[in-house]
Amino acid sequence: MPHQINNPASKEDGQMEIKITNQQYNPLLKRREIVFEVEHAQTKGTPTRLEIRDTLAGMLKTNSEAVYVRRVVTKAGTMRAMGEANAYDSVEQAKLVEPKYIVARNTAKEKKEQAEKPEAPKPPEKTEQPVKKE
């Protein structure tokens, strides 16, 4: 039977409130599987995965690098979103188990751009050769 948790957490500036509705530990994958609800009436928009990830990590007292938000869906016409996340025991375990597209969705844009664009070597500069007149 799933363990019910009802502990709302608010961000420091009071923008959103996250309530964990269901939490189960999966010993095989060494992670906690979390179902949560986000009340975001003050922000007037669905919070980003990174904001949710940081808040959940604070609630669970773990490193935000070990928490991955799998999905966030806002119910039509409301300021309430439902979502799923996984909190791993270690960052290494998270990188082994989570699919690459979930990892990519949970990284900051700056980190994504740096990872995608390693500095390419510059092409050799063309030297002008003298034109031979015949």
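The values are calculated or read from the model by the stated rules, or taken from the named source; none is laboratory data. All values reported here derive from a predicted model rather than from experimental measurement. Here the Cβ positions follow ideal geometry from the backbone for every residue, glycine too, while neighbour counts run over all protein chains shown.
A compact table of results
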{"read-out": "Breaking point among (1) surrounded by 15 or more Cβ atoms within 10 Å (Cβ to Cβ); (2) in contact with a Ser or Thr (Cβ under 9 Å, 6 or more places away or on another chain); (3) closer than 20 Å to K109 by Cα, for V67", "value": "(2)"}
{"read-out": "Segment 70-87: number of residues that are within 11 Å of V35 (Cα to Cα), exposed (fewer than 15 other Cβ atoms within 10 Å of the Cβ) and among the charged types (D, E, K, R)", "value": "1"}
{"read-out": "Residue in segment 107-122 that is surrounded by 10 or more Cβ atoms within 10 Å (Cβ to Cβ) and either at pLDDT 90 or above or in a loop (DSSP other than H, G, I, E, B) (or both) present", "value": "yes"}
{"read-out": "Any chance L29 is touching a residue at least 60 places away in the same chain (Cβ under 8 Å) and either hydrophobic (A, V, I, L, M, F, W, C) or in contact with a Cys (Cβ under 7 Å, 6 or more places away or on another chain) (or both)", "value": "yes"}
{"read-out": "Filter result (in contact (Cβ under 8 Å) with a residue 12 or more places away in the chain and of a type in the set (K, R)) within segment 95-110", "value": "R105"}
